[in-house]
Amino acid sequence: MIGELDTGGWEVRLVATPAARAWIGLDETSSLRGVVPRFDFVSPEHPRSTADPDVVAVCPATFSTLNKVAAGVADNYATSLVCEMLGMRNPVVVAPMVNHKLWGHPALSSSVIALRGAGVRFLDVQTGEPGLSPVQSGSGDEVVSGFQPSWLLAAVRSIG
């Protein structure tokens, strides 16, 4: 997926939560023009090496990530970056992947309302259409294999 986004003319930087470290294909992502996923904050003695992104796409956004960002919990580099972008009113596209068991949790609806109020654009991870819907618990591999990177790229490009 990252390779297909990269061909869209965007400079792609992959940032992931520490929990994602276990399932991200490090060899595949690192071979993409030297893009190395970033999971952690840089220590204070290291100078900042890159400018803020023009747009952030969060894909997939888990139940935990959505709720943390909505509440302003910046306890890892990925959520901190999204919180900063929202604070600066930079565009953010989010493709939630929340299972149907968590879908009715009261924290999720408040988080979605808060994020929409902050200007977040939601992309349904199953259809590529604007919006969001639950995924069936246990169907993660199927949802991921059906996800089209062009959906995310189109959502990012639609931001004017």
Tell me whether region 137-157 contains one or more residues that are of a type in the set (Lys, Arg) and under 25 Å from Phe41 (Cα atoms). no
Out of all the residues in region 75-97, is one or more of a type in the set (D, E, K, R), more than 17 Å from Thr17 (Cα to Cα) and within 15 Å of the chain's Cα centre (by Cα)? no
Region 71-111 - residue that is small (Gly, Ala, Ser) and touching a Leu at 6+ places or on another chain (Cβ under 8 Å) and, of those, modelled with the lowest pLDDT: Ala95
Considering residues of region 59-82 that are among the β-branched types (Val, Ile, Thr) and not in a loop (DSSP other than H, G, I, E, B) only, the residue surrounded by the most Cβ atoms within 10 Å (Cβ to Cβ): Val69
Does Lys68 satisfy the criteria of being touching a helix residue (DSSP H, G or I) at 6+ places or on another chain (Cβ under 9 Å), among the basic types (Lys, Arg) and modelled with pLDDT of 95 or more? yes
Name the residue, out of Leu132, Leu108, that is assigned to a loop (DSSP other than H, G, I, E, B) and either touching a Phe, Trp or Tyr at 6+ places or on another chain (Cβ under 9 Å) or under 18 Å from Thr65 (Cα atoms) (or both). Leu132
From the options Gly117, Gly131, residue that is modelled with pLDDT of 95 or more and either surrounded by fewer than 19 Cβ atoms within 10 Å (Cβ to Cβ) or under 14 Å from Val56 (Cα atoms) (or both): Gly117
Is it fair to say Gln126 is surrounded by fewer than 14 Cβ atoms within 10 Å (Cβ to Cβ) and within 27 Å of Pro53 (Cα to Cα)? no
So the check is Cβ under 8 Å with 6+ separation or different chains; which pairs have a first residue in region 83-103 that's in a helix (DSSP H, G or I) and a second one that's among the charged types (D, E, K, R)? Glu84/Asp52; Met85/Asp52
Selection from region 135-160 of residues that are part of a loop (DSSP other than H, G, I, E, B) and β-branched (Val, Ile, Thr): Ile159
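The values are calculated or read from the model by the stated rules, or taken from the named source; none is laboratory data. Because the structure is a prediction, the values reported are computed rather than measured. No Cβ is skipped: glycine too gets one built from the backbone with ideal geometry, and neighbour counts run over all protein chains shown.
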